[in-house]
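Structure, as structure tokens:
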Amino acid sequence: MTHEQKLDYGTYDATVARSATLEQELLVSPKKFRVLTGDRPTGSLHIGHLFGSLQNRVRLQNLGVPIYIVIADYQVLTDRDSFESISQNVHQLTIDYLAAGLDPDSGHTSIFPHSHVPELNQLLLPFLTLVTNAELDRNPTVKEEILAAGQQRINAGMYTYPVHQAADILFCKANLVPVGKDQIPHLELTRVIARRFNERFAGGEPLFPEPHPLLSSAPMILGLDGGQKMSKSRNNAIMLGATEDETANLIKRAKTDADRTITYDPTNRPEVANLLLLCSLCSGRTPGEVAEEIGDGGGGRLKQLLIEYLNEYLRPLRARRRELEKEPEYIRGVLRKGIAAAREAGQETLSQVRRVMNMEI
Ligand code: TRP
């Protein structure tokens, strides 16, 4: 490798600080930015996704920032064998996006599965030549995912998907990527690939931007079993598409503690604090205010209040969701439009890439 730059995975604090600066710039000049972010289509989304990432995307959309949402369907194959439900999951994910307020008709938002954007996928090949095996082996998020998958045989897609993710981000020249902490290593790799590409092939011209991760200030939502992150696979999640009764039943079974006086104390009472936080997110009141109102009403009163708040808060979203469920052709149209927009951006980038790589015919 001629231009070896070290990949530095230890810059969490710097990333937090930079995110705050970027937030300021977003307010002043939203048009300077192009956002790309995305998810794997492994099923439908829960309220942790809503409060953690979806609302942030809607906020960026409403600031007027162009935003691309990639549905990473190829990435599903890196850590699981099953692929029967991919198409159904892509539809469910899209329904959740739209119900949460992402709006392709805003003219700012495109939603597309990356398997339908050949120009994006084609960037994988030159990008793979810009990183070493050793660098891919060191990626801490990939290491964790390998452990979590518990598979005997790790396919090469698992080691190389972060390079594919760089293609997801760079094909449309995105410069801002809202993600969670676990994705920071992938963003660092993306920045290194952009830099190496520019140096090696583009004579140092910034053909690709070096995109910044944008960490959201949204608090992490714990699962209803307390302690762990909310996650469908841990069975501790309230799905966006759940009914009001299902929601109530889940909340009734949520873990609390024995102290009947409700206080907001995230360190010592994480389960109670999590329920208070959810009440707060739904009502606009602070968790402390909600705690005070409940007083010594105990976990029972807290749960009752959360059931009311959450079901009321989600009612419009769930009504939209039910309507969208009845319109598979509309969903398909949203994806087709997203794919067309993505391909247009990808074609332009790929033709520049071919030119600088001397691959024009
Ligand atoms: N790796 C991400 C995840 O597992 C999903 C993803 C794929 C993504 N491509 C992306 C996220 C591009 C942000 C930008 O959740």
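Do we find that GLU188 is open to solvent by less than 10 Å² (accessible area, probe 1.4 Å) and acidic (Asp, Glu) in this structure?
So GLU188 fails the test.
Suppose we keep only residues that are more than 9 Å from the ligand (Cβ to nearest atom) and among the small types (Gly, Ala, Ser) within region 24-43. Which one would you say is least open to solvent (accessible area, probe 1.4 Å)?
GLY43
Filter region 166-192 down to residues that are under 15 Å from GLN122 (Cα atoms) and among the aliphatic types (A, V, I, L, M), then give me how many there are.
Of the residues in that region, 4 qualify.
Which residues, counting only those in region 333-346, are touching a residue at least 60 places away in the same chain (Cβ under 8 Å) and over 17 Å from PRO66 (Cβ atoms)?
Of everything in region 333-346, just one residue is touching a residue at least 60 places away in the same chain (Cβ under 8 Å) and over 17 Å from PRO66 (Cβ atoms), namely LEU335.
Can you spot a residue in region 288-298 that is touching a Lys or Arg at 6+ places or on another chain (Cβ under 8 Å), under 19 Å from MET230 (Cα atoms) and charged (D, E, K, R)?
No, region 288-298 has no match at all.
What are the residue pairs meeting all of these: first residue in region 207-230, first residue basic (Lys, Arg), second residue crowded, with 17+ Cβ neighbours inside 10 Å, Cβ atoms under 8 Å, and 6 or more apart or on different chains?
LYS229/GLY48; LYS229/ILE221; LYS229/LEU222; LYS229/GLY223
Would it be correct to say that ILE262 is part of a helix (DSSP H, G or I) and among the hydrophobic types (A, V, I, L, M, F, W, C)?
no
Go through PRO206, PRO219 for me and flag whichever is in contact with a Phe, Trp or Tyr (Cβ under 8 Å, 6 or more places away or on another chain) and surrounded by fewer than 17 Cβ atoms within 10 Å (Cβ to Cβ).
Details: PRO206 fails: in contact with a Phe, Trp or Tyr (Cβ under 8 Å, 6 or more places away or on another chain).
Going through PRO206, PRO219 in turn, just one is in contact with a Phe, Trp or Tyr (Cβ under 8 Å, 6 or more places away or on another chain) and surrounded by fewer than 17 Cβ atoms within 10 Å (Cβ to Cβ): PRO219.
Test ASP168 against the criterion of being within 11 Å of the ligand (Cβ to nearest atom) and either assigned by TED's automatic domain parsing to the domain that holds VAL35 or more than 30 Å from VAL65 (Cβ to Cβ) (or both), and give yes or no.
In short, yes.
Restricting to region 231-241, name every residue that is crowded, with 18+ Cβ neighbours inside 10 Å and in contact (Cβ under 8 Å) with a residue 40 or more places away in the chain.
Start the filter on region 231-241 by keeping residues that are crowded, with 18+ Cβ neighbours inside 10 Å, which leaves 236-241.
Residues satisfying the conditions are ALA237, ILE238, MET239, LEU240, GLY241.
Residues are listed down the side, and each one gets a yes or a no for (1) surrounded by 14 or more Cβ atoms within 10 Å (Cβ to Cβ); (2) in a loop (DSSP other than H, G, I, E, B); (3) within 25 Å of the chain's Cα centre (by Cα):
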residue	(1), (2), (3)
THR247	yes, no, yes
VAL272	yes, no, no
LEU276	yes, no, yes
LEU281	yes, no, yes
VAL290	yes, no, no
GLY297	yes, no, no
ASN311	yes, no, yes
ARG315	no, no, yes
ARG318	yes, no, yes
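Among the residues of region 48-58, is there at least one that is within 18 Å of PRO178 (Cα to Cα), within 11 Å of the ligand (Cβ to nearest atom) and open to solvent by 50 Å² or more (accessible area, probe 1.4 Å)?
For region 48-58, residues within 18 Å of PRO178 (Cα to Cα), within 11 Å of the ligand (Cβ to nearest atom) and open to solvent by 50 Å² or more (accessible area, probe 1.4 Å): present.
Among the candidates VAL90, VAL16, which residue alone is away from the ligand (no atom under 16 Å from the Cβ) and either modelled with pLDDT under 95 or more than 11 Å from the chain's Cα centre (by Cα) (or both)?
Criteria check complete, one pass: VAL16.
Does region 76-95 hold any residues that are touching a helix residue (DSSP H, G or I) at 6+ places or on another chain (Cβ under 7 Å) and open to solvent by less than 20 Å² (accessible area, probe 1.4 Å), and which are they?
VAL76, THR78, THR94, ILE95
The values are calculated or read from the model by the stated rules, or taken from the named source; none is laboratory data. Just so you know, these numbers come straight off a predicted model, no measurement behind them. Quick reminder, even Gly has a Cβ in these numbers, built from the backbone with ideal geometry, and neighbours come from all protein chains shown. Ligands, DNA and RNA are stripped out before the accessible areas are found, and what is left, the full protein with its side chains, is counted by its heavy atoms. Shrake-Rupley method; radii C 1.70, N 1.55, O 1.52, S 1.80 Å.
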